[in-house]
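These notes are about the structure you will find just below.
Values in this text are rule-based calculations from the coordinates and carry no lab data. Bear in mind the structure is a predicted one, so any value in this text is a computation, not a measurement. Because the Cβ atoms are built from the backbone with ideal geometry, glycine has one as well, and the counts that use them run over all protein chains shown.
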């Protein structure tokens, strides 16, 4: 009997797609927790800026976050990266923890909240396309439809809130937010090989630690000028949540998602943060959701059902 012909090895995107578990998993649950943290963090930051300047606030939370995630990696017995890996981790740290944070904070200060939400909704789209082109993930028709549905959901949610959206006087801020999207996407997609080889804990610890160094240098003048005596205990608690929650825990979950589900499916969860902010603002700020906001949130949840099916 003749031997069967040899089977061609699956392509990298096909193999990666096959490794992604179908349906919801424990990692999806953690990503939901991450979106809860980031959604509440938006409200926390608005309150913190009444006490802190933006750069002094970033200095506090990144100093605490870099030290904390370093202890997490040390406690987990994480190995020290090699020289080549350190160079790549340094580049990613600057992209995702220095340049991204500066563009995001300064962009938020110069544009409308509605503009910022719409621009940040481009993260899943840009991440999906970049991951597909680099061969990390294979885009399915469900992913494409899910991307469109999620983006439409964000737009409906923003306009349904009555938020001010426009470009008059916000061009500089909008460009900074767009740059923030590009740098965060690069941080996510380019880290995939390192996450696979080093793990999410080591990758997060080193990128955050190395990226925090230039960020702290840039933020130092603002930290010196900060009126520390005016910082209340509640403000310190908020800074702790924003540091340990939105940076340490959320970043560790983000890279776990990149490792287990891929960058494309992980990035979808970033569009859930505005929904969480909407729901959190209801009891905390007394802001009742409008019918159009509910429709927009439904579109975002529908996109998840498509992508994770």
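State, to one decimal in nm, how far the label point of residue 294 lies from the label point of residue 86, with both points 7 Å from Cα in the Cβ direction.
5.7 nm
Compare the peptides 48-58, 224-234, 98-108 by average per-residue count of other Cβ atoms within 10 angstrom and give them in order, highest first.
On the way: 48-58: 19.7, 224-234: 10.9, 98-108: 21.3.
Ranked by mean Cβ neighbours within 10 Å, highest first: 98-108, 48-58, 224-234.
Which length gain, in nm to one decimal place, applies between residue 196 and residue 141 when the Cα-Cα distance is subtracted from 0.36 nm times their residue separation?
Working: separation 55, 0.36 × 55 = 19.80 nm, distance 2.57 nm.
Full extension of this stretch gives 17.2 nm more.
Multiply the residue gap between residue 222 and residue 63 by 0.36 nm, knock off their C-alpha separation, and tell me the result in nm, one decimal place. Numbers along the way, then the final one.
Details: separation 159, 0.36 × 159 = 57.24 nm, distance 1.42 nm.
Full extension of this stretch gives 55.8 nm more.
Order these peptides, 134-140, 36-42, by their mean beta-carbon neighbour count within 10 angstrom, highest first. All intermediate terms of the calculation are to be shown ahead of the outcome.
Details: 134-140: 18.4, 36-42: 20.6.
Packing order, densest peptide first, comes out as 36-42, 134-140.
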